[in-house]
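Participant: Let me begin by handing over the structure; questions about it come next.
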Amino acid sequence: MTKVISQLLDRGSIGIVITGMTGLETVGAKLVVDEVGQTWGSLGNEELDLLVSRHAHDFLNSKTDTRTIAVKEFAPKFSTEQEILLLFERLQPPSRLVVCGAGHVGAALARLGSFVGYQTTLIDDRAEFVNPGRFVNERIELVAAVNWADAVRQAIGNGKGVAVAVVTRGHNEDEECMRAVVGTNPDYVGLIGSKRRTNIVIDKLRLGGASEDQLKNIRAPIGLDIGAVSPEEVALAIIAEIVAERRGGKGGSLSAWRRG
């Protein structure tokens, strides 16, 4: 089973490892289900395997990393003498952040993203802006782009587990990056700028053949509304939205219930 998990991770797939906790003949039995429903292993019962693999899709959509679930929660008609508890664990590549543009906001965002645990890549077509001397002791991959499109596509890969923030210095650079980004379908895409500026870029992407599904997933203007002013505050607003998207958060105030 370890080999199967390694192979799934190596090819960038997303899946779930389900482990029997109680109520099974073999405690610790494992079933692995990938994002397209292919399975490996068994919990020791064919009917249970089928029911669990069907529920795996709902678990993936929940954006939860780990949860213990009773079989009766999703299959109340499954006949069993004992309550069966299963541990569901999300299986996916490490979360990555790709920042396009290494100006004040981009540099601050790359530092913050790395700090909170994202494998971070910072791209700019100005080599001096991605000089290692600017990021001493920072665990950030620095890319001096010969052209934006190739650098962005290579950094994003298959898009799974990837958040992309386009925070370049101008319209032309934004458009180059976004044309590359929309074709890769990353988990999160954000574009900095005013409503007017971002709408211009999105309209040009539409004219270039981008689908409405691709366009509606673009967060523009990027970030949560926290009244950010400084580059570091803007970076915080952006990373907060990225985390909310990843975890399924709403981005509101946790104390709002007290004022309702």
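Participant: Going by alpha carbons, how many degrees (0 to 90, nearest 10) lie between the helix axis of 171-182 and the longest principal axis of the chain?
Facilitator: 20 degrees
Participant: Let me ask something additional. Pull out the extension gain between Ser62 and Glu35, defined as 0.36 nm times the separation in residues minus the alpha carbon to alpha carbon distance; nm, one decimal.
Facilitator: Values: separation 27, 0.36 × 27 = 9.72 nm, distance 1.31 nm.
That works out to 8.4 nm of additional length.
Participant: Ok, one more. As I understand it, the value is the acute angle between the Cα axis of helix 104-115 and the longest principal axis of the Cα atoms of the chain; what does it come to in degrees, rounded to 10?
Facilitator: Compared with the principal axis, the helix lies near 20 degrees.
Participant: Sticking with this one: Shape call for the range 1-92 from the C-alpha gyration tensor, a ≥ b ≥ c root eigenvalues: rounded (a/c under 1.5), prolate (a/b greater than b/c) or oblate? List each step's numbers first, then the result.
Facilitator: Numbers: a/c = 1.95, a/b = 1.55, b/c = 1.26.
Prolate shape, in that a/c is at least 1.5 and a/b is the bigger ratio.
Participant: How would the range 96-247 be classified by its alpha-carbon gyration tensor: rounded, prolate or oblate, with rounded meaning a/c under 1.5 and the a/b versus b/c comparison settling the rest?
Facilitator: In terms of gyration-tensor shape, rounded.
Participant: What number, in percent, do you get for the relative contact order of the range 96-247 if the mean sequence gap of Cα pairs under 8 Å and at least 6 apart is divided by its residue count?
Facilitator: Details: 273 pairs, mean separation 34.8, N = 152.
Once divided by the residue count of the range 96-247, the mean separation gives 23 percent.
Participant: Please identify which residues in the range 153-186 have an amide N closer than 14 Å to a label point set 7 Å out from the Cα of Leu215, following the Cα→Cβ vector.
Facilitator: Backbone N within reach: 179, 182.
Participant: Turning to a different aspect of this structure: Contour minus end-to-end for Ser42 and Ser6, with contour as 0.36 nm per residue of separation and end-to-end as the Cα-Cα distance? If you can, show how the numbers build up before the last one.
Facilitator: Values: separation 36, 0.36 × 36 = 12.96 nm, distance 1.78 nm.
Full extension of this stretch gives 11.2 nm more.
Participant: List the trypsin sites (Lys or Arg not before Pro) in the range 226-257 that DSSP assigns to loop (not H, G, I, E or B) and whose Cβ has at most 14 other Cβ atoms within 10 Å. Which are they?
Facilitator: Working: sites: Arg246, Arg247, Lys250; in loops: Lys250.
Qualifying residues, ordered by number: Lys250.
Participant: Shape of the range 179-241 from its Cα gyration tensor (a ≥ b ≥ c, root eigenvalues): rounded if a/c is under 1.5, otherwise prolate when a/b > b/c, or oblate? Present the calculation step by step, with values, prior to reporting the outcome.
Facilitator: Working: a/c = 2.82, a/b = 1.81, b/c = 1.56.
Note, shape of the range 179-241 comes out prolate.
Participant: Picking from Asn45, Asn147, Asn158, which is most flexible by a Gaussian network model of the chain using Cα springs under 10 Å?
Facilitator: Maximum among the listed residues: Asn45.
Participant: So what's the angle, to the nearest 10 degrees on a 0 to 90 scale, between helix 195-207 and the longest Cα principal axis of the chain?
Facilitator: It is inclined by approximately 70 degrees.
Participant: Oh, and also: Which far-off residues, 5 or more places away or on another chain, put their amide H under 5 Å from the one on Val164, with H placed in the peptide plane?
Facilitator: Val98, Tyr188, Val189, Gly190
Participant: Fully extended, how many nm does the chain gain between Asp203 and Phe115 (0.36 nm per residue separation, minus their Cα-Cα distance)?
Facilitator: Details: separation 88, 0.36 × 88 = 31.68 nm, distance 3.44 nm.
Contour length minus the Cα-Cα distance gives 28.2 nm.
Participant: Let me ask something else. For the range 5-16, take each phi angle, set θ = phi - 60°, evaluate the Karplus expression 6.51 cos²θ - 1.76 cosθ + 1.60, and give the result in whole Hz per residue in order, putting x for glycine and proline.
Facilitator: Residue by residue, the range 5-16 yields 4, 4, 5, 4, 5, 4, 9, x, 7, 10, x, 9 Hz.
Participant: Would you mind ranking Trp148, Trp257 by Cβ crowding within 10 Å, fewest neighbours first? Could the numbers behind the result be given before it?
Facilitator: On the way: Trp148 25, Trp257 8.
Listed from fewest to most nearby Cβ atoms, that is Trp257, Trp148.
Participant: Which residue fluctuates most in the GNM of the chain (Cα springs below 10 Å): Ala29, Ala149, Ala240?
Facilitator: Ala29
Participant: Additional query: When only Cα pairs under 8 Å and 6 or more residues apart are kept, what is the percent relative contact order across the range 31-96?
Facilitator: On the way: 56 pairs, mean separation 16.6, N = 66.
The normalised contact order for the range 31-96 reaches 25 percent.
Participant: Return the calculated 222 nm mean residue ellipticity for the chain, to the nearest 500 deg cm²/dmol, obtained by summing -39500 (n - 2.57) across DSSP H runs with n ≥ 4 and dividing by the residue count. Don't skip to the answer; put the middle values down first.
Facilitator: Numbers: 9 runs with 98 residues, N = 260.
Taking each H run of at least 4 residues, the total per residue is -11500 deg cm²/dmol.
Participant: Name the GluC sites (Glu not before Pro) in the range 4-48 that are in a loop by DSSP and that have at most 15 other C-beta atoms within 10 Å, would you? Walk me through the intermediate numbers first.
Facilitator: Values: sites: Glu25, Glu35, Glu46, Glu47; in loops: Glu25, Glu35.
When the GluC sites (Glu not before Pro) of the range 4-48 are filtered for loop state and at most 15 Cβ neighbours within 10 Å, Glu25 remain.
Participant: Still on this structure: State the answer as a single residue: which of Cys177, Gly223, Ser79 lies farthest towards the positive end of the charge dipole of the chain, with beta carbon charges of +1 for Lys and Arg and -1 for Asp and Glu, about the Cα centre.
Facilitator: Gly223
Each reported figure results from applying straightforward, stated rules to the coordinates on display, with no laboratory input. Predicted model only: the values in this text are computed from it and were never measured. Cβ: placed from backbone, ideal geometry, glycine included. Neighbour counts: every protein chain shown.
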